Amino acid sequence: MAILSAAFCEEYLKTFSVRLVDTEDLQREAQRLRYQVYSVENDFEPRNSDGLEHDAYDARAPHALLFHNELDEP
């Protein structure tokens with residue numbers, strides 16, 4: 001089982017990478033993705049006209065995005 005786990009981790013790290021959200025563009029992308037997941041797909045947060053999910057903690061909370069390396073998309 002450990003060999004399978006190591007192989008999985010190796011493949012995962014080849015396929016994906018984590019990027020710190022350190023620009024306004026990446027912040028908007030994180031909020032757009034949150035909106036898609038929380039408002040559109042799961043109806044957990046209300047929908048809005050800007051298509052971004054944001055809250056009072058965004059300004060001080062660290063954010064990260066998981067990117068697909070080959071596609072260069074979160």
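The values are calculated or read from the model by the stated rules, or taken from the named source; none is laboratory data. Bear in mind that the values here come from a model prediction, so they are computed numbers and not experimental data. Backbone-built Cβ (ideal geometry, glycine too); neighbour counts: all protein chains shown. With ligands, DNA and RNA removed, areas are computed over all heavy atoms of the protein, side chains included. Shrake-Rupley method; radii C 1.70, N 1.55, O 1.52, S 1.80 Å.
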remark   = Of those in the stretch 53-74 that are in contact with a helix residue (DSSP H, G or I) (Cβ under 8 Å, 6 or more places away or on another chain) and either at positive phi or free of Cβ contacts under 8 Å to residues at least 40 places away in the same chain (or both), the residue surrounded by the most Cβ atoms within 10 Å (Cβ to Cβ) is GLU53
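What number of residues within the stretch 12-37 are hydrophobic (A, V, I, L, M, F, W, C) and touching a His at 6+ places or on another chain (Cβ under 7 Å)? Give the steps one after another, and end with the answer.
At the first step, the residues of the stretch 12-37 found to be hydrophobic (A, V, I, L, M, F, W, C) are 13, 16, 18, 20-21, 26, 30, 33, 37.
This time we only want the ones that are touching a His at 6+ places or on another chain (Cβ under 7 Å), so: 16, 21, 30.
Residues flagged as hydrophobic (A, V, I, L, M, F, W, C) and touching a His at 6+ places or on another chain (Cβ under 7 Å) within the stretch 12-37 amount to 3.
Please determine whether any residue of the stretch 28-43 is more than 16 Å from the chain's Cα centre (by Cα) and either on the phi < 0 side of the Ramachandran plot or open to solvent by 100 Å² or more (accessible area, probe 1.4 Å) (or both).
Step one: of the stretch 28-43, the residues more than 16 Å from the chain's Cα centre (by Cα) are 43.
Filter once more, so that each one left must be either on the phi < 0 side of the Ramachandran plot or open to solvent by 100 Å² or more (accessible area, probe 1.4 Å) (or both): 43.
Yes: the stretch 28-43 contains one or more residues that are more than 16 Å from the chain's Cα centre (by Cα) and either on the phi < 0 side of the Ramachandran plot or open to solvent by 100 Å² or more (accessible area, probe 1.4 Å) (or both).
So, ASP50, is that one exposed (fewer than 15 other Cβ atoms within 10 Å of the Cβ) and either assigned to a helix (DSSP H, G or I) or not acidic (Asp, Glu) (or both) or not? Quick ask: steps written out before the conclusion?
Numbers: exposed (fewer than 15 other Cβ atoms within 10 Å of the Cβ): yes; either assigned to a helix (DSSP H, G or I) or not acidic (Asp, Glu) (or both): no.
For ASP50, the condition - exposed (fewer than 15 other Cβ atoms within 10 Å of the Cβ) and either assigned to a helix (DSSP H, G or I) or not acidic (Asp, Glu) (or both) - is not met.
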query = So which residues in the stretch 1-47 are under 16 Å from ASP72 (Cα atoms), of a type in the set (Gly, Ala, Ser) and part of a helix (DSSP H, G or I)?
reply = ALA30
